[in-house]
Amino acid sequence: MATRLTWIQEKKLQNLVKGKFSLLYRASVHGFADTNLMRRCYNEGPTLLVIYSSDHVFGSYIPQNDKNNTRVSCLLFAFEETKILRCEIGPHDLSDYVYHYGNKGEFLMDLSGKKVTMSLDTIKKLKLSQHQTISFEECEVFRCEDLLDTRKMDGVAELRGSLLSAIRTYKPSRDLVHQIRILLLGPIGAGKSSFFNSVKSVLRGHVTHQALVGSDRTGISEQYRTYSIKDGKDGKSLPFILCDSMGLSEENGLCMDDIPYILKGHVPDRYQFNFMKPITPGHSNYIDFPLLEDRIHCVAFVFDANSIEQLSDEMVAKIKKARREVIKCGVVHVVLLTCVDSMDLIMKGDLIDIYKCMPVKLKQEEVHKKLGFALSDILVVSNYTSEWNLDPIKDVLNLSALRQMLWAADDFLEDLPLEETGKCI
């Protein structure tokens with residue numbers, strides 16, 4: 001039994017009721033009778049009524065619907081294109097909502113007659129037709145459900161533990177290096193430093209903000225930093241290093257000529273970037289003969305999901321140039337999309353199965369179309385920005401992305417020619 005709601009209407013209503021819902025009753029299937037509605041919907045907890053007329057989609061949300069609540073308030077709503085208008089009525093007796101939806105004439109439904117009568121004030125607030133009585137074609141009732149029920153959260157906790165174990169026991173391919181080096185590269189303010197903080201937080205067991213994070217267009221990271229993370233469980237260094245660079249910018253960002261030197265391992269930790277001048281051989285801190293362990297083994301291009309469409313032509317050109325340098329050096333790369341949890345229509349519960357969410361799929365398509373990255377290489381993460389407590393759902397996204405990067409680095413190591421596996425370059 002499928003609903004008549006469009007995808008966008010369903011997502012808007014999920015935001016309204018702060019959860020997902022499942023269809024209990026459809027009048028055209030179960031009959032236009034009050035007794036049928038009552039039999040299928042009474043004592044089912046919070047319920048959502050959706051009415052379809054020839055011109056409008058409107059209805060009500062009853063946040064309580066059980067034997068212990070005899071008087072409850074009800075939220076009326078109506079769609080104005082994709083926008084939801086709302087007004088509250090009540091409190092009234094629960095039986096009034098089921099049979100009359102308001103004993104003061106605010107919202108009365110005649111199910112068998114297929115019509116709804118509302119007060120003029122209610123009609124005005126919901127911007128419906130000026131007629132107090134509206135005929136309808138269909139009526140649906142949904143049971144509202146918590147997006148993060150215990151069963152789902154148990155599954156998230158189990159996956160989180162499995163990912164932590166996999167990362168703690170990971171060993172780079174062919175034992176060529178002790179630690180994988182992952183370079184975070186992207187526009188200023190995309191979330192590179194925040195991603196490092198988020199990864200460190202889950203692996204240390206508490207939220208940490210070691211890397212400074214900025215919110216303006218100038219960014220904070222002006223030094224090249226290489227962060228090795230110690231496991232909060234046993235204090236040992238984990239098998240990867242996250243390398244944070246200065247952000248790309250149309251003006252004063254990372255000098256593009258620095259990128260190949262970073263990839264090849266010539267740039268030391270805490271090197272102070274100069275956007276006007278790249279590091280060159282002869283610089284006091286230049287690493288003349290980097291080993292394989294000094295090189296970058298995987299690059300993660302980091303983008304704010306909410307800013308993809310606003311990337312300037314100049315920024316797009318810089319990103320594409322950086323990607324060409326990465327490919328030229330033979331380094332594998334992925335994309336990290338940050339801030340998806342702040343996207344319109346995305347709820348916290350959606351993060352559990354984020355890759356199936358249409359808004360995220362559209363963002364991945366936009367990155368693929370605009371920047372040329374393969375869809376399979378575009379990963380979703382959720383950074384800690386203002387939180388002080390760990391969130392297992394965020395942790396699963398970030399650990400999953402980290403595991404993919406470690407696997408990508410293995411591809412790089414496995415593809416290395418023999419002469420590059422133990423010699424200086």
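The values are calculated or read from the model by the stated rules, or taken from the named source; none is laboratory data. In this text the structure is predicted, and so the values were computed from the model without any measurement. Heads up, the Cβs are rebuilt from the backbone with ideal geometry, glycines too, and the neighbour counts pull from every protein chain shown. These area figures cover heavy atoms from the full protein model, side chains too; ligands, DNA and RNA do not enter into them. Shrake-Rupley method; radii C 1.70, N 1.55, O 1.52, S 1.80 Å.
Each Cα pair under 8 Å and six or more residues apart adds its sequence gap; the mean of these over the residue count of the range 297-394 is a relative contact order of 33 percent. Annotation: amide H-H contacts under 5 Å for LYS115 (H modelled 1.01 Å from N, sequence separation of 5 or more, or interchain): ASP110, PHE136. Scalar couplings 3J(HN,Hα) for the range 163-175, obtained by applying the Karplus form with A = 6.51, B = -1.76, C = 1.60 to θ = phi - 60°, are 5, 4, 5, 5, 6, 5, 9, 5, 10, x, 4, 6, 6 Hz; x denotes Gly and Pro.
Rolling a 1.4 Å probe over the heavy atoms of the protein chains gives the range 297-352 an accessible area of 39 Å² per residue.
What the phi angles of the range 271-280 give under the Karplus curve with 6.51, -1.76 and 1.60, with θ = phi - 60°, is a coupling list of 5, 8, 5, 10, 5, 8, 8, x, 5, 9 Hz, glycine and proline written as x.
Pairs exceeding 23 Å between alpha-carbon atoms, taken from LYS321/LYS369; LYS277/LYS363; LYS11/LYS83: LYS277/LYS363.
Look at the alpha carbon pairs under 8 Å that are at least 6 residues apart: their mean separation over the length of the chain gives a relative contact order of 15 percent.
Accessible surface area normalised per residue over the range 7-146 is 48 Å², counting heavy atoms of protein chains with a 1.4 Å rolling probe. Protein heavy-atom surface of the range 150-422, 1.4 angstrom probe: 49% of the accessible area is carbon and sulfur, with nucleic acids and ligands not counted. Compute the helix-to-body angle for 392-414: its Cα long axis versus the longest principal axis of the chain, expressed 0 to 90° and rounded to tens. It is inclined by approximately 40 degrees. The label point for GLU309 and the one for LYS115, both projected 7 Å from the Cα toward the Cβ, are 4.3 nm apart. DSSP beta bridges fully contained in the chain are about 70 percent antiparallel. A cut-off of 5 Å between modelled amide H atoms, ignoring neighbours fewer than 5 places along the same chain, links SER53 with PHE58, GLU137. Counting every pair of alpha carbons in the chain, the share spaced more than 31 Å apart comes to 51 percent. Helix 192-204 and the longest principal axis of the C-alpha atoms of the chain enclose an angle of approximately 80°.
Put simply, the amide H of LEU336, placed in the peptide plane, has neighbours under 5 Å in PHE301, VAL302, PHE303, LEU379, leaving out anything fewer than 5 places away on its chain.
The eigenvalues of the Cα gyration tensor, multiplied by 5 and square-rooted, give the range 7-146 an equivalent ellipsoid with semi-axes of 19, 17, 16 Å from largest to smallest. Taken over the range 271-321, the alpha-carbon convex hull comes to 135 cubic angstrom per residue.
Taking 0.36 nm per residue of sequence separation and removing the Cα-Cα distance, the ASP146/MET256 pair yields an extension gain of 34.8 nm.
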